[in-house]
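Scroll down for the structure; my scribbles are underneath it.
Please treat every number below as a calculation from the coordinates, not as lab data. Quick caveat: nothing in here was measured; it's all calculated off a predicted structure. Cβ: placed from backbone, ideal geometry, glycine included. Neighbour counts: every protein chain shown.
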Amino acid sequence: MEKKHIDKKLAILPVYNEQDKITEVIAEIKSVDTTIDIVVIDDGSTDRTACNAKLAGARVLRHTSNMGYGVALQTGYKYAFQNGYDLLVQLDGDGQHDPAYIPELLELIISEGADMALGSRFLKEVSPASPFLRKYKASTTRILGIKMFAFIATALIGLRITDPTSGYQAFNRRLINFFTRDIFPYDFPDADVIVLAHRAGFKIKELPMVMYERDEGVSMHSGLKPLYYVFKMFLSIFMTIVRKKPIPLY
Amino acid sequence: MLPRQKIAMLIICIFIFIFVLDLVRRRKLREEYSWLWLLTSISLFILVLKYNWLLAITKAIGAVLPTTALFIGALIFLMILSVQFSVRISRLTDQVKNLVQENALLREKIDQTNNSTGCQKS
């Protein structure tokens, strides 16, 4: 019998000062999938995040300064593409995303022909027990924001998107390459990324999952950032629509 | 405009013009940023010499005093300058981002080559 081709898989974790959580998250990923490589993108942490990640068995890409979540993600995409990975899954290094969903997320790409698989908090209600996490509970304003962008994304691409702000995503190699280009909106990449990928002709699918709330640390949506986020997202989506359709090069 | 005011303004324009050129000569200012300053100093120089033109502009934009027209001109100049800076900063942000990413990827390669984590268990 012919040996089944095994795709090279990579999990990327963009992190900033997550020295307490990172070891646990890496261990969980390894327990879920032993064949997946793990890369932590340390976005200029000032604590032991990078060392803890290395000691836990992950490869670490270190930014010399704090460049933001989107830049860290794109560094991971560039690493994945340069090192010949076929599949990539991105999840947060703070424990919000349960690594148990990695196989299902990748399965959407491998078996169901999606280019992009998104984890959605709003497709299904489940509540597994977890020793250090609480189930994801966002403020009403935030939920409203997510719903609004979900509505916009759905209306624009003609495909039901329930959680456009989810950072738990998986891509195939074509999409990895697409996002390594300067067209990737690295300043708060969210709903605009979905619209961009759809406009470029990539197939998107959602997977229902449970996510958790941070129980410590600073969210990237703290302070006045939500206001800027809403403005940026509207502008970015509008620009994605009015610009020429991007063509995948790979 | 009084002759004394005219002379003072002309001297200021010439000073700005030479100062900007000198900055470019000493490589303190790149050519791409000098054009707006040079253009402004030349425009001011011409408006001082051709005061009638300034009066015509004042009338055209509906201002009462020529000084108002000059202030509006200065504001427009500052706005264009700010936009030019914003465009440049956006480009620099992209370039810095790419450099930081490239640096991170190369550092990881070096670490792999040296086979060292550089970390000790805490």
Most exposed first by the Cβ proxy, i.e. fewest other Cβ within 10 Å, how do A:His63, A:His198, A:His97 rank? A:His198, A:His63, A:His97
Among A:Leu61, A:Leu88, A:Leu235, the residue with the largest mean-square fluctuation in a Gaussian network model of chain A built from Cα contacts under 10 Å is A:Leu235
For chain A, what does the relative contact order come out to in percent, with C-alpha contacts under 8 Å and a separation of six or more? 22
Under unit Cβ charges (Lys, Arg +1; Asp, Glu -1), what dipole magnitude, rounded to 20 debye, does segment A:140-250 have relative to its Cα centre? 600
Take chain A, connect every pair of alpha-carbon atoms lying under 10 Å apart with a spring to form a Gaussian network, then pick out the residue of A:Ile38, A:Ile12, A:Ile143 with the largest mean-square fluctuation. A:Ile143
Between segment B:1-57 and segment A:42-97, what's the alpha-carbon centroid distance in Å? 51
Relative to 2.2 N^0.38 Å, what does the C-alpha radius of gyration of the protein assembly as shown come to as a ratio? Two decimals please. 1.30
Suppose R0 equals 35 Å; then what is the FRET efficiency for B:Val87 and A:Met148 from their Cβ-Cβ distance, rounded to the nearest 0.05? 0.70
The protein assembly as shown: antiparallel bridges as % of DSSP beta bridges, rounded to 5, reads 35
FRET efficiency (A:Leu249, B:Leu99; Cβ distance; R0 22 Å; to 0.05) is 0.50
Please list, in order along segment B:68-73, the HN-Hα scalar couplings obtained from phi with the Karplus expression 6.51 cos²θ - 1.76 cosθ + 1.60 (θ = phi - 60°), rounded to whole Hz, x for Gly and Pro. 4, 4, 5, 4, 4, x
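Quick one: longest stretch of chain B between exposed loop trypsin sites (Lys or Arg not before Pro), exposed meaning at most 10 other C-beta atoms within 10 Å and loop per DSSP?
Longest stretch, sites excluded: B:31-120.
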Given backbone amide H placed at 1.01 Å from N, residues whose amide H is under 5 Å from that of A:Leu207, ignoring those fewer than 5 places away on the same chain, are A:Leu118, A:Gly119, A:Ser120
What ranking of A:Tyr250, A:Tyr168 emerges when the number of other C-beta atoms within 10 Å of each C-beta is taken as an exposure proxy, fewest first? A:Tyr250, A:Tyr168
Could you put B:Met1, A:Met148 in order, starting from the residue whose Cβ has the fewest other Cβ atoms within 10 Å? B:Met1, A:Met148
Given springs between every Cα pair under 10 Å in a Gaussian network model of chain A, which of A:Thr165, A:Thr180, A:Thr64 has the largest fluctuation? A:Thr64
